[in-house]
1. When residues of the range 50-76 are filtered for being within 14 Å of residue 102 (Cβ to Cβ) and not charged (D, E, K, R), how many remain?
2. Is it fair to say residue 354 is closer than 27 Å to residue 482 by Cβ, of a type in the set (Ser, Thr, Tyr) and either in the same structural domain as residue 551 (by TED's automatic domain parsing) or surrounded by 16 or more Cβ atoms within 10 Å (Cβ to Cβ) (or both)?
3. Considering only the range 469-527, state which residues are among the aromatic types (Phe, Trp, Tyr) and either under 29 Å from residue 451 (Cβ atoms) or in the same structural domain as residue 376 (by TED's automatic domain parsing) (or both).
4. I need a count of the residues in the range 306-331 that are closer than 12 Å to residue 229 by Cβ and among the aromatic types (Phe, Trp, Tyr).
5. For residues that are within 13 Å of residue 514 (Cα to Cα) and either of a type in the set (Gly, Ala, Ser) or surrounded by fewer than 18 Cβ atoms within 10 Å (Cβ to Cβ) (or both), tally how many sit in the range 476-491.
6. Can you list the strands (runs of 3 or more DSSP E) lying wholly within the range 444-558 that have 1 or more residues being of a type in the set (Phe, Trp, Tyr), in contact with a strand residue (DSSP E or B) (Cβ under 8 Å, 6 or more places away or on another chain) and within 20 Å of residue 356 (Cβ to Cβ)?
Amino acid sequence: MIELPHDIERPGLNPGIDPGTDPGTDPEPENPNSVFQPHPSDLSDNLQLYQQDGYADQNTIRVDLRTATSGIGPCVIDDMTGCTLADVIADINPNDDFKVDIPVHFSSFDYPNDGLISNAELRQRGGGTRNAPQKSFRLKLDDSDRLWRTERHLQLNKHPFESKRIRNKLSFDLMSEIPHLLSFRTQFVNLWIDNGQGPEDFGLFTHVERADKRYLERRSFNPDGNLYKAKLFRFRENELNSLLIDSEGDPVNTSIFETVLEIESGNDHRKLIEMMEALHDPTRSFQSVLDQYFNENNVLTWITVNLLLGQYDAVRHNYFLYNPLGSDKFYFLPWDYDTSFIRHIEPEDDLGNSALRTRLEYGYANGSRNYFLSSYYKLPGVHEKIIDAADEIRQNYLTDLAITERADHYGSAVATYATSEPDSLYNSFFSEAPGVQFAATVADNHLAISNRFSYPLPPVLDDPALVNGQWQFSWQSAYDVTGNSISYDLDIATSVNFEPDSIVVSITDISDTGNSMSQSIADNQLSTGTHYARLIARASNEPMRFWQVADNQLESDGTVYYGVVEFLSP
């Protein structure tokens, strides 16, 4: 079950050169006992960035906007002269081409009033949160030279479904100190908007630094590198159909391309396609692709931090991929942690739909539908690496003290706003949780990785086939990342709910023999009509506890059934 709950600068990677993988060029290990051994392709952030440009002050700042709209004229995609703040707030479809922008004047204590009528444009931002009563906003300064804290955009996130209102900032600020992982600068903002009747308090927001060319420049990287935001991207081979490019590396259809990956920087996407084709080349091992196109210190850090923080969403979206100019390498960057600090609570021993869905999203199984993650999890010794990485990160970065101190400070900083109107009208669940609760969540997740992660990556059932009087039930094997062997139970029933009296065949303790499995059943064992097959994989260490249903879904009469396939017996 999911429970919602340094002034040291490390030099960055040379952004214009692929550092290569020649072991003769590897630097001497700084700590021979560390799971993170230095590599020439290691990517480092500049820790001073998070103390510069006003970001050293972790309190809340006030930002003032004044709308500069006339309200006269149309508000349509080709002519927005008549658009108003009300139109911005009503723009709840994130997927259409009509992005309502209005002119505004922006000022704050560190961006003094310039005397202009307008100096920026305002639009709504976000996906599913647009349907919440309180909106998030994006502000873009008109002048590309007169910037705020070296940034042209303010990304003001309301986090309407996060009652504590500190998870996103807390996560990014903690990650800013973790090696091998680039983070984002954050700032609590109290937004006031004057829409012609005087300044109105819009409450508390969290600004998060925008990922774009300037983000790269701030870190001394070449701004022409490729930076992608995962929109709906699981590294699957069929996604190449949407990522079509021409001979120069330009998308054939940018709109279709960006349904999978949004382009934040870069113009030549041939390296992305090269990496994806290599990943799905049957003549290549995953390890060889990992070595050529990724940095394992970055991969291991990103995965481990997500597991420790309880970040469940970074499977199909909520991450960036950065490909430095002239390099083969792709690096994972974290994104969107407003639902972090979730405990890994073991699923119930229940075959109901809700419990099965939770089971498929627990632990390592949550990454099974992401081809890269599932392939990485199947590398020998990965579980032990993740345990070692978790130990090291907890000991040095995500310590109880570091989490508690930040969470306590941030909770105090936002409490005044969260308990006052307007935010108190829409967030009745707010309470200033003590920082030790956030630290306890990470501590428990740390234990879960070591002791409660033997739930297998799920098998996948193929459609049953009738061959020469025998029903063939085939499936792609399950996999226990923690190293236990697997056995299977196969049930055939005449009811999708598998009531005991509807089960006509039950075979238990089928031994796992490889990547592809098959079980035969004589056709005379099944009557004519619709039948359902359900497959369960069990880990050998505790088979009645660590079991997993197949990763199949069947929709029937508006209900989704997990781990089931339907077939017709003649």
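The values are calculated or read from the model by the stated rules, or taken from the named source; none is laboratory data. Remember, predicted model here, so these are calculated numbers, not experimental data. With ideal geometry, Cβ positions are generated from the backbone for all residues, glycine too; neighbour counts draw on all protein chains shown.
1. Taking the range 50-76 and keeping what is within 14 Å of residue 102 (Cβ to Cβ), we get 65-76.
From what's left, not charged (D, E, K, R): 65, 67-76.
Residues in the range 50-76 being within 14 Å of residue 102 (Cβ to Cβ) and not charged (D, E, K, R): 11 in total.
2. Taking the combined requirement at face value, the residue does not satisfy it.
3. Within the range 469-527, 475, 479, 488 meet the criteria.
4. 3
5. Selection size over the range 476-491: 5.
6. Fully inside the range 444-558 and qualifying: 470-476, 486-493, 529-539, 547-549.
Condition check ((1) farther than 25 Å from residue 451 by Cα; (2) modelled with pLDDT of 95 or more; (3) outside any helix (DSSP H, G or I); (4) among the aliphatic types (A, V, I, L, M)) across all residues:
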| residue | (1), (2), (3), (4) |
| --- | --- |
| 312 | no, no, yes, no |
| 351 | no, yes, yes, yes |
| 358 | no, yes, no, no |
| 388 | no, yes, no, no |
| 394 | no, yes, no, no |
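One line per residue, one yes/no per condition, for (1) in contact with a helix residue (DSSP H, G or I) (Cβ under 7 Å, 6 or more places away or on another chain); (2) of a type in the set (S, T, N, Q); (3) more than 25 Å from residue 258 (Cβ to Cβ):
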site	(1), (2), (3)
167	no, no, yes
174	yes, no, yes
207	no, no, no
215	no, no, no
